[in-house]
Structures are given as C-alpha cells and as structure tokens.
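Asks: Input: one structure, supplied below.
The values are calculated or read from the model by the stated rules, or taken from the named source; none is laboratory data. In this text, all values refer to a predicted model and were calculated from it rather than measured experimentally. With ideal geometry, Cβ positions are generated from the backbone for all residues, glycine too; neighbour counts draw on all protein chains shown. Just the protein is used for accessible areas: all its heavy atoms, side chains included, with ligands, DNA and RNA removed. Shrake-Rupley method; radii C 1.70, N 1.55, O 1.52, S 1.80 Å.
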Amino acid sequence: MYNIQIQIAALLLVLVILFFSIMQKNLMLRGRQIFHLLTITTVVTLLLDMASVIAISEHRCLEEWQVRMVAKAYLMSLVSGSFVGLLYSAEEYFLGSVKKATKGLYMGAYLLSFVLIAVLPIHYIHRGRIVYTYGQACLVTYIFALFFIISTISTCLVYHERTSVKRRRAILAWQGLWLFFAAVQFVRQDLLLVSFAMALGVAILYSELENSEAFTDRSTGVLSPHALMEYLQDQFEQEKTFSVMDIFIKYRSHGLDLYTERQILLVLVRRLRKFKEALVFRSTSNGFTVIFSSRTQMQKAFEEVRREFGDMLHLPDGRSVPMKFFYILYPDSTLANAAEDIFEFRNYFYSDLDKKEFLVVDKVAVSRVREYQDIREMIAYALDHDRLEVYYQPIYSIEEQSFTSAEALVRIRDKNGRLVPPTLFIPIAEESGMILRIGEYVYRSVCQFIRDQKPEQYGLDYIEVNLSVAQCEQEDLAEQFHQISEEYSIDPRMINLEITETASSSATKTLLANMRKLSSLGFSFSLDDFGTGRSNLDYISEMPATLIKFDRSFTLGYFYNDKTRFLMNGVTKMIRDMGLSIVSEGVETREQYDTMVGLGVHYIQGYFFSKPVPEREFMDFIRRMNAEPYIPGEEAPSL
C-alpha cells in the first residue's frame, strides 16, 4: 500500500474548505482571491505529493524521466505554496512603491527556484513505506521554501502595527506549523507531513480569517458593515472607481416591535437586491449602503427606489407602515482618498438629513468636510503642542461701579500663529469629544491665573468658566473640579461655572447632581445663553444658579424686535423677583448700556468696556479701572 494516507485526509479537508468557500457569499477581494489561489495550490501540491510517492513506488514500471519529472513538479508546488503564502500575508503590509519593488524581488526568486529545480539533479529512495527524494534540486527547494516562510514570518513581525492581532496570529501559527512538520519529516522520513502542513494552514486561515459568515449580516442576509470596510479598502488600494448610495430609514411610528422592524428591513433588501450590478451592505442599524460600478447605475437605482418608496412602506402581511427614507449619494469615489473618507462623509452629512431628503457629496460638499477635518486636526495639534490660550473679558457691576468678575474664553492659534475664531472650532471640538480636554485646560489655566495673579486683591469676586455639554454629562465632574481647585489651592468661591441652556436640557439629572455637590463646596453657577430660543424657565427654579446671562442676540434683539422687548421686560422682572442677578452680554454702545441699566440688569459685559484680552492686558485693565469707582462716561474705557 502506498504511503499516502495522510495526504488523502489532507486533500479531503482542503476540498471541503474549498467547497464551502465557493458556496458562501463573498466579495472576492484581492486577499480572498489569493486565498483561493493558495487553496488550489495546496490541492495541486497534495495531488503531486501522492503522485510522486506512487511514481517512486512504481519506478520499475515507468521511465526514469517520468519519475523525476513528477518528483520535481512536487518540489515546484512546495515552493509555489510558500510563495503564495507570502503573497497572501504581504498584501496586508507592503504599500505603494515598496510593495511593487518587494513583489519584484520575490517574483524573481520564485522564478529562479523553478529554473534551478528543473536543471539540477534529483534522486529518490524507496525502501518499503519510506519514500523520499534528495539531491541538489531538493536542497534548492528547502532553501527557497524556507526563504519565503521566514520572509512571511518576518513581515508579520516587522509590520505588526499594520494588521490585526487575529490575522497576525493566524499567519504565524500556519507558518510555524509548516516549519515544525518539515522538521519532523526530516527526522522521520516515513512521515510525509509537509503538504499536510499546507492543508492545516489553509484550515487555520479559513477558520480565522476567510470564513465569509463574518461578512454576512444575519438579520437581513446582505453583506455586513465589516464587509463594507474591507471592500472599500480593497477598492481604494486597487484604485478602482465606483459610486455609492446610502439609504437610511426613519420610522414615523414609535414603538414598532422587533418583528415589524425586521420585516421592513427585509422588504427594502429584496428591492435593493434587484439591482444585479450592485453590492448591498448593511451599514447601520437603520441603513444600507449600495455600491455601483458607475455613476449612471447609481443614479438610475436612486430614482427607482425613491419613486417606489414614498412615505409609506407596504409589508407582505398587508400592513402599511409610515416612514421616511433619506439618501446620501456619492457619484464619484475619486473625491475620497481612502475608505475612511466615505465613512467620514456619511457621519458628517447624516445630521443634515433632517433638513433634506437626499444629499449629493460633490466637490463643494467634500470641501466642507475637508475644512472640518482640518479644523479638527488643528484642535488636536493645539492640544498636543500647547497652542491654547485663555482670554478674559471683564464684567462691570452697576451697583459696585467697578469690574467685579470676568469670563474666561478659550482661543486657539493655528500653526501660523493666527487666532482662530471660537465659532469655528468650538462646535467641532464638541462633536469630536476634544471639548473635554479643552474644558480641563481652561479650568486649570483659570485656577493658575487666580493663584498667581490674585485678582481678588483688585476687586474681582470670581472668574466665570464655561462648561460644555460633554462636561455636564460627566458623573465625576464635581470630583474632578474639586481635586483641581485643591491642587492649585484655590478657594472655590472664586469660580463661577457657566451652564448653557443646551447643556442643562441634555444632561439635567447628572448636571443637577454635580451642581449640588459643587455648590456645597463653594462653587457658584450662572445660566448662560439665556434667550437663544431654547429657554425653559423650569431650569431656573431647579438649578442652583445665582446669575442669569442674557445672550448677546437676546440683548441686541431688545432694540430691534418688539416681541423681544416685551419678553425681556417681563423676564427681567421675574428673575429679579426670584432674587437672582442678571448679566447682559453683547453691550457695545452707550445707548445699549443705558437701556440695560434702566431695564434693571445687574452686570454689563461687552465690547462697550473691553473685548476679550490676554491675561496680562486684562490685569493691567483691572488695576487701572478698579483703582476707584468708575461710572461710564461718553467714552468707554476699552483697551
């Protein structure tokens, strides 16, 4: 009996893997294509391994050249397996010109191995079950196969940051098994294990990396979000062009059960699958991404879907569910530089879908995203390289006839040293989460300012520090601020924390708990941006705030809008009756100042006195203006 039992078992294993791999839904990405090539190479290697064993065992019945040809073909298949394995691994690592140069080097080595195996002598031994070959051709095979295996292992280790731990672990396990079984076969020549090691490697790769079930969304049967990322990365690496349509569902009926929601998704999927030329992916819990090879295909599909799905979706069981569909269209993939850009575009424009049924991502739209990205990078750079500055705007007390407080305002300088308007970077910092770092920086800066400059000696009662929505949502905010104030040995009464109405409405429960803790420690609070259209008088009664700050737009509206004037008159009286103080922001002229004083506000803040200025200029201003009581004359004392 021929010594091929192990090879037969390995062949059956690989054939089963190949069958299921072909039957499963897959994208045939470049890595997937190389895996299929590796699987086929393994099948060929196993067949040639068995053929060489049979040929050597039956060498008396064959021509000598026939035996040597089969044996050399098997050796070439072994080198091919190690080479294809390197290609499979290296696709994850080598980029750009490095990839091309490296591939050229390895391709040259691969072709050279074929030539050497073909021309160098080979010998064989057959003693019972022991069947093996030796000679210079075998030595060349070992050298080149080992070269490719070591290259694969080295690539994994050197470029480990460019791939996942899971992928690196699978490839190293596969290559390690190959080396181990080669060593075993070298010692036990009756155990023909090298080709079996290739089969085990294919099984490991399939189980860990190439099982297409991970690419399928189980709820709908379409391709998964993970598959979408893999596919887009592959398309950009190969510099292919395509068009994309994102579809999002927004239900108008609340309280839909899970069964109904799944039926809705399946109805949409069945319709999208009619576009045979497209790939359908589940992108979010309520959305799908459809990728087309051309702009024309995408535009036609968009028009058909939009026409078919209006404001009502009809389910197979006869029910009709009211809903709204929204679309983001990407006609030209070349406007993006990488797969991540597509997701960046989607995240950026998704919030705009409440205003529009569909959005087209064209050059103008992309320029908006790039500007957003540039500002986000600028914020990160400023945080990492200490390019934030804190400015102070004085606040005038009408009763004290002096400046008794100030508001701390953050500023950022770009790489060229220019100040960036806060209206540009604050919203982006809030969206990206970097507002937390900015908020801590400002608070620490104010604490250091109070400790070093001792502004209380010049008549200042406190410094106002803005709290962002994200900060207000932190359950440990009180502990953080108390710890920092103790670190700088600051009396908490020197800090007044400004809460915007947006923050107070989005994090009321957590915010109120923090405010109670901070108030007990001595911190005071003011409600900022009052009158911006989101006012809720309940917050005033619930929050332990002592100051209400009229927003600049509210202040200016008093002079141009009769309704605002009527509202401010009533609100001012109500707030004063509650025993709270009022700061009027945005006062720029003597007329506005006199009017606000007559209205009954307690404090004035605005360019009428001073714009926000750096710490040194602010202290010079306070020392000069608080030297004696000050009543504004015709000329404001701005810097």
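Asks: Residues of the stretch 258-275 being of a type in the set (Phe, Trp, Tyr), open to solvent by 20 Å² or more (accessible area, probe 1.4 Å) and assigned to a loop (DSSP other than H, G, I, E, B), which ones?
Replies: Within the stretch 258-275, none qualify.
Asks: Touching an Asp or Glu at 6+ places or on another chain (Cβ under 7 Å), basic (Lys, Arg) and modelled with pLDDT of 90 or more - does that describe any residue in the stretch 279-291?
Replies: Yes, some residue in the stretch 279-291 is touching an Asp or Glu at 6+ places or on another chain (Cβ under 7 Å), basic (Lys, Arg) and modelled with pLDDT of 90 or more.
Asks: For the stretch 408-448, which residues satisfy the criterion of being over 18 Å from residue 374 (Cβ atoms) and out of contact with any Phe, Trp or Tyr (no Cβ under 7 Å at 6 or more places or on another chain)?
Replies: Scanning the stretch 408-448 gives 410, 436, 437, 439, 440, 441, 442, 444, 445, 446.
Asks: Let me ask something else about it. Quick one: is residue 457 surrounded by fewer than 15 Cβ atoms within 10 Å (Cβ to Cβ) and free of Cβ contacts under 8 Å to residues at least 24 places away in the same chain?
Replies: Yes.
Asks: Filter the stretch 215-236 for residues that are part of a loop (DSSP other than H, G, I, E, B) and in contact (Cβ under 8 Å) with a residue 12 or more places away in the chain; which is most open to solvent (accessible area, probe 1.4 Å)?
Replies: 219
Asks: Got at least one residue in the stretch 237-257 being within 21 Å of residue 340 (Cα to Cα), assigned to a loop (DSSP other than H, G, I, E, B), touching a Lys or Arg at 6+ places or on another chain (Cβ under 7 Å) and not aromatic (Phe, Trp, Tyr)?
Replies: yes
Asks: Working carefully through the options 524, 445, find the one that is open to solvent by 10 Å² or more (accessible area, probe 1.4 Å), farther than 21 Å from residue 397 by Cβ, touching a strand residue (DSSP E or B) at 6+ places or on another chain (Cβ under 6 Å) and touching a residue at least 40 places away in the same chain (Cβ under 8 Å).
Replies: Selected residue: 445, the only one of 524, 445 that is open to solvent by 10 Å² or more (accessible area, probe 1.4 Å), farther than 21 Å from residue 397 by Cβ, touching a strand residue (DSSP E or B) at 6+ places or on another chain (Cβ under 6 Å) and touching a residue at least 40 places away in the same chain (Cβ under 8 Å).
Residue-wise test of (1) in contact with a Ser or Thr (Cβ under 9 Å, 6 or more places away or on another chain); (2) closer than 30 Å to residue 620 by Cα.
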| residue | (1), (2) |
| --- | --- |
| 312 | yes, no |
| 316 | no, no |
| 322 | yes, no |
| 331 | yes, no |
| 365 | no, no |
| 394 | yes, yes |
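Asks: Considering the stretch 237-247 alone, what residues qualify as being hydroxyl-bearing (Ser, Thr, Tyr) and open to solvent by 20 Å² or more (accessible area, probe 1.4 Å)?
Replies: Once the filter is applied, which keeps residues that are hydroxyl-bearing (Ser, Thr, Tyr) and open to solvent by 20 Å² or more (accessible area, probe 1.4 Å), the stretch 237-247 yields only 241.
Asks: Out of the residues in the stretch 98-130 that are farther than 16 Å from residue 76 by Cα and hydrophobic (A, V, I, L, M, F, W, C), state the one that is nearest to the chain's Cα centre (by Cα).
Replies: It comes out as 98.
Asks: Which pairs turn up if I take residues in the stretch 424-439 that are closer than 16 Å to residue 476 by Cβ and basic (Lys, Arg) and look for partners that are open to solvent by 20 Å² or more (accessible area, probe 1.4 Å) and assigned to a helix (DSSP H, G or I) with beta carbon separation below 7 Å, at least 6 apart in sequence or on another chain?
Replies: Qualifying pairs under 7 Å: 437/383.
Asks: With respect to residue 14, determine if the residue is β-branched (Val, Ile, Thr) and in contact (Cβ under 8 Å) with a residue 60 or more places away in the chain.
Replies: It is true that residue 14 is β-branched (Val, Ile, Thr) and in contact (Cβ under 8 Å) with a residue 60 or more places away in the chain.
Asks: Can you confirm whether the stretch 276-296 contains a residue that is assigned to a helix (DSSP H, G or I) and farther than 27 Å from residue 361 by Cα?
Replies: So far as the stretch 276-296 goes, no, none of its residues is assigned to a helix (DSSP H, G or I) and farther than 27 Å from residue 361 by Cα.
Asks: Pull out all pairs, ordered by first then second residue, where Cβ-Cβ is under 7 Å, the residues are six or more apart or on different chains, the first lies in the stretch 143-157 and is without any contact (Cβ under 8 Å) to a residue 60 or more places away in the chain, and the second is of a type outside the set (Gly, Ala, Ser) and in a helix (DSSP H, G or I).
Replies: If the second residue must be of a type outside the set (Gly, Ala, Ser) and in a helix (DSSP H, G or I), the pairs left are 153/172; 153/175.
Asks: Can you name the residue in the stretch 358-398 that is among the charged types (D, E, K, R) and open to solvent by less than 60 Å² (accessible area, probe 1.4 Å) and is also farthest from residue 438 (Cα to Cα) among such residues?
Replies: 370
Asks: Also, quick follow-up: Restricting to the stretch 490-525, name every residue that is of a type in the set (Gly, Ala, Ser) and modelled with pLDDT of 90 or more.
Replies: 519, 520, 522, 524
Asks: Another question, if that's okay. Counting just the residues of the stretch 482-500 that are in contact with a strand residue (DSSP E or B) (Cβ under 8 Å, 6 or more places away or on another chain) and of a type outside the set (Asp, Glu), which one comes out nearest to residue 426 (Cα to Cα)?
Replies: Selected residue: 500.
Asks: So in the stretch 306-334, with the set limited to residues that are modelled with pLDDT of 85 or more and either among the hydroxyl-bearing types (Ser, Thr, Tyr) or in a loop (DSSP other than H, G, I, E, B) (or both), which one is farthest from residue 260 (Cα to Cα)?
Replies: For the stretch 306-334, the residue satisfying everything is 334.
Asks: Can you find even one residue in the stretch 606-618 that is open to solvent by 40 Å² or more (accessible area, probe 1.4 Å), within 15 Å of residue 568 (Cβ to Cβ) and in contact with a strand residue (DSSP E or B) (Cβ under 7 Å, 6 or more places away or on another chain)?
Replies: no
Asks: For the stretch 166-191, name all the residues that are at pLDDT 80 or above and of a type in the set (Val, Ile, Thr).
Replies: 171, 184
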